[in-house]
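We did not get these values from a lab; they are worked out from the coordinates using the rules stated. As the structure is a computational prediction, the values presented were derived from the model and not from experiment. Note that we place each Cβ from the backbone using ideal geometry, even for glycine, and neighbour counts take in every protein chain shown.
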Amino acid sequence: MTTLDEPVALYGPDFKRDPYAVYARLREQGPVHRVQFPSGVLGWLITGYDAAVETLSDGRLGKDHRLGNDDWRALAAIMPEPQHSRLQVHLLHQDPPRHTGMRKPVTEALSPRRVRQHRDRIQQIAEDLLDELPETGAVELVSSFAARFSFAVLSEMIGLPVHLQRRFRREWCKVVQPVGPRSPHRAAYVALLHELQDYIADVVDDKREHTSPDLLGELVAANTRGELNEAELSSMVFQLLVAGQEPVTNMICMAVISLLRHPQQLARLRSGEADLATAVEELFRYDGSFELTTWRFFREPTEVHGVTIPAGDSVIVALSAANRDPARFADPDTLDLTRSPNPHLGFGHGIHFCPGATLGRTEVQVAVETLIRRLPNLALPAEPDELAWVQAVLTRGVERLALTYGPESPADGCPVAAHRSASPT
Amino acid sequence: MTSNPATSTVWRLEVSSRCVGSGICLATAPRHFHLVDGYSQPRTREVGADDDALAAAELCPMNAIAITALDSGDEVA
């Protein structure tokens with residue numbers, strides 16, 4: 001059984017370049033696997049669509065870090081105290097019934113109706129960023145567009161004031177890729193964490209002074225009313241700032257990479273044969289930015305598909321493996337922009353399903369449509385193997401994405417892109 | 001003001017085509033919702049007033065769950 005095998009290492013440049021081959025092999029062996037993370041933590045990985053849905057719906061699994069056992073705690077790449085208690089008691093590490101009440105203001109502020117109201121503004125942000133690019137040439141998509149777009153949209157959706165937007169440093173987002181206590185990079189990581197903690201305190205102070213009818217204002221008001229304590233408030237601001245942009249930045253890049261690697265599919269999107277919203281769902285399924293879920297723990301030793309998982313061991317679901325399960329999706333390794341229905345798990349499943357899913361979808365839709373319309377002949381000069389894959393455990397993404405575009409440099413091997421321009425929706 | 005629909009004893013549950021199968025309703029109110037081919041459906045359309053069903057509707061990220069009070073037709077969530 002899998003317990004006797006060597007644990008599978010879920011890290012390293014080869015793995016991050018293409019984790020799908022490893023996931024396919026694991027999926028064929030069964031749904032439960034012993035795996036090792038860069039911190040040294042040994043955990044349990046769930047692969048396969050049905051097992052993933054079952055696990056993510058399993059009320060016996062909790063997300064509160066206090067459920068982790070001593071072996072896990074000794075090695076886990078989690079924040080040190082006191083920051084952990086101040087920044088990590090947000091929705092992702094809460095269980096019902098507390099989770100239920102804390103989630104409501106976020107669900108409401110990021111509801112499909114609210115996102116719809118902001119759609120024109122989101123479109124304008126994308127257009128404005130692309131206005132800054134020359135008519136033809138080369139662009140590094142992460143720093144020129146994707147990261148700036150996701151931060152600008154998030155800031156307006158949650159009500160982050162302009163003077164605080166200017167102070168935000170993107171590297172703070174890396175605090176969700178913590179390094180374990182034995183890493184030589186631990187001190188630099190802790191310094192970053194202090195800076196972000198100070199920044200969050202300033203955001204909260206600002207919102208206390210200037211009440212506003214936005215999500216940050218509502219969370220501060222909930223704290224004033226006694227519905228959220230101080231640690232929950234700072235944790236939720238932390239979660240919004242970090243989870244609210246990096247996965248979107250990464251997903252925009254993953255979508256562009258998938259499209260440029262599949263010129264015939266891109267042509268279907270440009271011609272209107274593939275509907276934008278349907279296409280974006282498939283881009284989430286095919287190669288989404290949330291590869292693995294965060295940790296879950298059983299309170300008691302529990303048998304799962306014939307494997308007994310000890311209490312307090314970490315259990316992680318491979319969303320990327322579930323999304324390529326041939327038992328659920330026909331030709332799962334084929335990008336088909338008209339695939340429908342497409343019940344992918346790119347935003348997770350169950351009570352921790354991404355509360356920003358509608359916003360994230362909309363952002364990726366707007367970004368993809370605007371990029372392929374405004375940047376003709378968009379092309380990926382690098383070979384896939386040369387891409388700077390993000391090495392963070394939970395994430396699919398690239399650190400940099402160099403692209404060329406413009407009528408003077410037609411895409412190699414991508415004739416369908418020439419001189420077509422999708423009309424704005 | 002009419003009577004508070006939340007106190008009405010029989011509710012009708014509906015899941016619209018906006019459902020993306022997030023599974024939040026299943027986890028929040030497993031007695032009332034289940035997945036069919038990856039998307040949520042009410043197990044029974046008419047149920048007694050229930051806090052879990054209300055929480056599921058309020059937490060649905062797609063606003064795909066409608067609850068109406070059967071006697072008055074008023075929207076509960």
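Data for the structure
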{"read-out": "Beta bridges by DSSP in the protein assembly as shown, antiparallel share as percent, to the nearest 5", "value": "85"}
{"read-out": "Cα centre as origin, Lys/Arg/Asp/Glu Cβ charges: chain A dipole, Debye", "value": "520"}
{"read-out": "³J(HN,Hα), Karplus 6.51/-1.76/1.60, whole Hz, each residue of the stretch A:237-249, x for Gly, Pro", "value": "5, 4, 4, 4, 5, 8, 5, x, 9, 4, x, 6, 3"}
{"read-out": "Least to most buried among A:157, A:251, B:62 (fewest other Cβ within 10 Å first)", "value": "B:62, A:157, A:251"}
{"read-out": "³J(HN,Hα) computed for each position of the stretch A:195-202 - Karplus, 6.51 cos²θ - 1.76 cosθ + 1.60, integer Hz, glycine/proline x", "value": "4, 5, 4, 5, 4, 4, 4, 5"}
{"read-out": "Global geometry of chain A, whether rounded, prolate or oblate, following the gyration tensor of its Cα atoms and the 1.5 cut on a/c", "value": "oblate"}
{"read-out": "Inter-part distance where the stretch A:289-340 and the stretch B:21-77 are each reduced to a Cα centre, Å", "value": "25"}
{"read-out": "For residue A:317, distant residues with modelled amide H under 5 Å away", "value": "A:46, A:293"}
{"read-out": "For chain A, built as a Gaussian network whose Cα springs stay under 10 Å, the top-fluctuating residue of A:146, A:379, A:201", "value": "A:201"}
{"read-out": "Those GluC sites (Glu not before Pro) in the stretch A:72-158 that DSSP places in a loop and that have at most 15 other beta carbons within 10 Å", "value": "A:132, A:135"}
{"read-out": "Rounded, prolate or oblate (a/c below 1.5 giving rounded, otherwise prolate when a/b exceeds b/c) for the stretch B:36-77 by Cα gyration tensor", "value": "prolate"}
{"read-out": "Spatial separation of Cα centroids for the stretch A:14-82 and the stretch A:156-232, in angstrom", "value": "27"}
{"read-out": "Dipole-positive endmost among A:288, A:278, A:265 within the stretch A:260-306 (Cβ charges, Cα centre)", "value": "A:265"}
{"read-out": "Other-chain or far-sequence residues with amide H under 5 Å of residue A:274's (modelled H)", "value": "A:269"}
{"read-out": "Phi to ³J(HN,Hα) by Karplus 6.51 cos²θ - 1.76 cosθ + 1.60 over the stretch A:71-76, Hz, x for Gly, Pro", "value": "4, 5, 5, 5, 10, 4"}
{"read-out": "Where trypsin sites (Lys or Arg not before Pro) in DSSP loops with at most 16 other Cβ within 10 Å are excluded, longest remaining stretch of chain A", "value": "A:61-168"}
